[in-house]
1. Rounded if a/c is under 1.5, else prolate if a/b is larger than b/c, else oblate: which is the range 104-200, with a ≥ b ≥ c the root eigenvalues of its Cα gyration tensor?
2. Determine the shape class of the range 137-279: with a ≥ b ≥ c the square roots of the Cα gyration tensor eigenvalues, call it rounded for a/c under 1.5, and otherwise prolate if a/b is greater than b/c, oblate otherwise.
3. Sum up the lysine pairs in the chain that clear both bars: alpha-carbon distance under 24 Å and a spacing of 8 or more or different chains.
4. Using Cβ contacts closer than 10 Å as the measure, can you line up L122, L164, L17, L3 from fewest to most?
5. Going by Cα centres, the range 1-47 and the range 143-219 are how many Å apart?
6. To the nearest 20 debye, what charge dipole does the chain have about its Cα centre, counting +1 at the Cβ of each Lys and Arg and -1 at the Cβ of each Asp and Glu?
7. Of all DSSP beta bridges in the chain, what percent run antiparallel (nearest 5)?
8. Determine the shape class of the chain: with a ≥ b ≥ c the square roots of the Cα gyration tensor eigenvalues, call it rounded for a/c under 1.5, and otherwise prolate if a/b is greater than b/c, oblate otherwise.
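Read the figures in this text as sums done on the coordinates, not as results from a lab. The structure presented is a predicted model; accordingly, all values stated were derived computationally and were not measured. Glycine gets a Cβ as well: all are built from the backbone with ideal geometry, and neighbour counts include every protein chain shown.
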Amino acid sequence: MKLATLRTGGTTRAVRLDGDTLVDLGVPDLGALLAQEGWAEHAGTATGQTYDLAGADFAPLVPQPSKIVCVGLNYRNHIQEMGRDLPEHPTLFAKFADSLIGAGDDIVRPEETGQFDWEVELAVVVGAPVRRARGEQAERAIAGFTVLNDITCRDWQFRTREWLQGKVWDSTTPVGPYLVTPDELPGGVRPSLDVRLLVDGEVMQSDTTGDLLFDPVTLVEYVSTVVRLNPGDIIATGTPGGVGHARRPERYLLGGETVVAEIDGIGRLENRVVKENAS
């Protein structure tokens, strides 16, 4: 299945993609859907109001997740381009829900940064509450996958040894448009999918999720050891090589660009970069 959160009539609705139609699932968003026991059966059989896919306005996939956990340095080529050793354990940081935007929304470039960078990522969406999950329990906790663009203020990220302040700026992180359940993807809960990011039509990042050091199941196991994972929580699995900060000369988003982040079999984010002080 492909599921999403649609903006319509001044509110949001959880929907299922059926061909060129979006079917209302009877709850306001995917977070509310995933919190229901038996959500997958309900989502697959619901027959509510329908909406045209053409012109659909997608909200952030899960508008208010209880947590967004991100993984740094998880593709070998990105680790190498950043001049770092392969990590023994996942490198974790967090985002806040206020940073999330929809699949077609504008990315707001803060006036305080001069190093605004892109990072396409495969993101895991959690579908069951788990703590210290192992093996099959961790696999079953994965509701599906989506696309996330971890836009980063590099100058703020590297002000200190902690990355948080470069990663959590308001209205900078597109996520969506769809949650795709593992049964639809090659490799299931460990999918092998092509990942790309383009800026104004120029390919900046291109790789496969098969290059991940720590796969999605391993990340659910690791993160749930530290903190309880709830339905609707998001784990961003890291970005491949090709970020602007590692280029020579460095290259950043200035405003006015169109950034496309896409993962085969899951979906496409297409966002315009706008300056925060623009009218």
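1. Prolate is the answer for the range 104-200, as a/c is 1.5 or above and a/b outweighs b/c.
2. prolate
3. Within the chain, the lysine pair count is 6.
4. L164, L17, L122, L3
5. Rounded to whole Å, the Cα centres lie 23 Å apart.
6. The calculated dipole for the chain is roughly 680 debye.
7. Working: 56 of 64 bridges.
Antiparallel bridges: around 90 percent, rounded to the nearest 5.
8. Since a/c reaches 1.5 but b/c is at least a/b, the shape of the chain is classed as oblate.
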